[in-house]
Amino acid sequence: RIKLDIPGLPTAVTAERDGDIGFLKLSRPEKRNALNDTLVNGIETYFAGLPEDIRAVVLYGEGDHFSAGLDLSELTVRNTVESVHHSRNWHRVFDLFEFGKVPVIAVLHGAVVGGGLEIAAACHVRVSEKSAYYALPEGVRGIYVGGGGSVRIPRLIGASRMMDMMLTGRTYGAEEGLALGLSHYLVENGAGLDKGIELAQRVAANTRMTNYAVMHALPRIADIDRPGGYMMESLMAAIASGSDEAQSRLKDFLEKRAPKALHNKG
Ligand code: 1HE
């Protein structure tokens, strides 16, 4: 892995690359990767400056925790209107990578709480280590989610479970998180990054058009009415299958050069 040179990147995040895989590490371990303005701006700077030849990104956290969520020390210095702008900025930055150019694979461990869970929910694939746990302590702290949590988390686990998490401060462990859909993969402690890299390599091997369609069309189709969804799907399918890259992959399969869709255990 080598350093990825992105101008203006703060030290609160670390950027690296290995071939066509990019790495983004939340790097405030002394504050459990609490999300202050600098760190959130760093996420924006990273994705805005990501080289075009990066095909997938692995996002993870330094230290014992993925992220302790919003930096609560900043909250005390914001008034109401500043809080609205702050929240809207998180929406903008998280949308930037959820609806960006390349899929993001999150590797979760330790606390994945509050804003940390909101970032994780904006990623496309989530790997968790056994140490991971999920919580929305906003309820206990007298605040409310502000990083898109009310929009994204119900789409993963349902509004009813999120309501319980916020009202009672319930936490879910890594195994429960897997069963509920908070994560897609569960691995032993210390094995998350390797799993994330393996998945990123698979994702990076897809055509860019397919990855774009999955990232952009799929969630929008899930949000709209069926006739509109069928229409968008047809257009996306036609665009994807018409590309030269798709045609050559189909030919590879028919001429027995491509792998079969055999069962693998993830
Ligand atoms: C922090 C934060 C933070 C740690 N903001 N400084 N999030 C929370 O309610 C979670 C708050 N954090 C915790 O419950 C714990 O820190 C952890 C369970 C994540 C980790 O515990 P531990 O024992 O490993 O670390 P620690 O000793 O609690 O924290 C180490 C330092 O990080 C300490 O600072 P220090 O100067 O005393 O060393 C902590 O104060 C600091 N720290 N977490 C600020 N969150 C836009 S809406 C989103 C709303 C939310 O995300 S609400 C959820 C907030």
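Only the coordinates and a few stated rules stand behind these numbers; no lab work does. All values reported here derive from a predicted model rather than from experimental measurement. Neighbour counts are summed over all protein chains in view; Cβ atoms, including those assigned to glycine, are modelled from backbone coordinates with ideal geometry.
Once the Cα atoms of helix 159-168 and of the chain are each reduced to a long axis, what angle between those two axes, in degrees from 0 to 90 to the nearest 10, is obtained? The helix 159-168 is inclined about 30 degrees to the chain.
Centroid-to-centroid, using Cα positions, segment 82-112 and segment 30-75 are 9 Å apart.
The angle between the Cα long axis of helix 244-254 and the main principal axis of the chain comes to about 60°, on a 0 to 90 degree scale. Here the 3J(HN,Hα) profile of segment 145-158, calculated from phi with Karplus coefficients 6.51, -1.76 and 1.60 at θ = phi - 60°, is 4, x, x, x, x, 5, 8, 8, 5, x, 6, 8, 10, x Hz, Gly and Pro shown as x. Distance between the modelled labels on residue 164 and residue 38, one decimal in nanometres: 4.0 nm (7 Å Cα→Cβ projection). Structural size metrics of segment 208-254, computed from C-alpha coordinates, are Rg and Dmax of 12.0, 36 Å. Only one residue of 174, 102, 23 has its Cα farthest out toward the positive end of the dipole of segment 2-204, where Lys and Arg carry +1 and Asp and Glu -1 on Cβ, and that residue is 174.
Determine, for 118, 129, 74, the number of other Cβ atoms within 10 Å of each Cβ, and report the residues in order from fewest to most. List each step's numbers first, then the result.
On the way: 118 28, 129 23, 74 15.
Ranking 118, 129, 74 by Cβ neighbours within 10 Å, fewest first, gives 74, 129, 118.
Out of all DSSP beta bridges with both ends in the chain, state the antiparallel percent to the nearest 5. Roughly 30 percent of the DSSP beta bridges within the chain come out antiparallel. Take every DSSP beta bridge whose two residues both sit in segment 1-95, then give the antiparallel share in percent to the nearest 5. So the antiparallel bridges in segment 1-95 amount to around 55 percent.
Under 5 Å between amide hydrogens, built in the peptide plane, is the criterion, and for residue 70 it picks out 35, 115, 116 among residues at least 5 positions away or on other chains.
For segment 56-61, the Karplus equation 6.51 cos²θ - 1.76 cosθ + 1.60, evaluated at θ = phi - 60°, returns couplings of 7, 10, 9, 10, 8, x Hz by residue, with Gly and Pro reported as x.
Quick check on the exposure proxy: order 208, 152 from fewest to most C-beta atoms within 10 angstrom.
Working: 208 13, 152 21.
Listed from fewest to most nearby Cβ atoms, that is 208, 152.
Computed from phi, the 3J(HN,Hα) profile of segment 220-227 under the Karplus parametrisation 6.51, -1.76, 1.60 (θ = phi - 60°) reads 6, 4, 5, 8, 10, 6, 4, x Hz, with x in place of Gly and Pro.
Bridging of residue 251 to lysines at a Cα separation below 16 Å is possible for 260, once same-chain residues fewer than 8 apart are set aside.
Ignoring everything except DSSP H segments at least 4 long, calculate the 222 nm mean residue ellipticity for the chain; use -39,500 (n - 2.57) per segment, divide by total residues, nearest 500. Intermediate results must be reported in sequence, preceding the final value.
Working: 13 runs with 124 residues, N = 266.
After summing the helix terms and dividing by the residues of the chain, the value is -13500 deg cm²/dmol.
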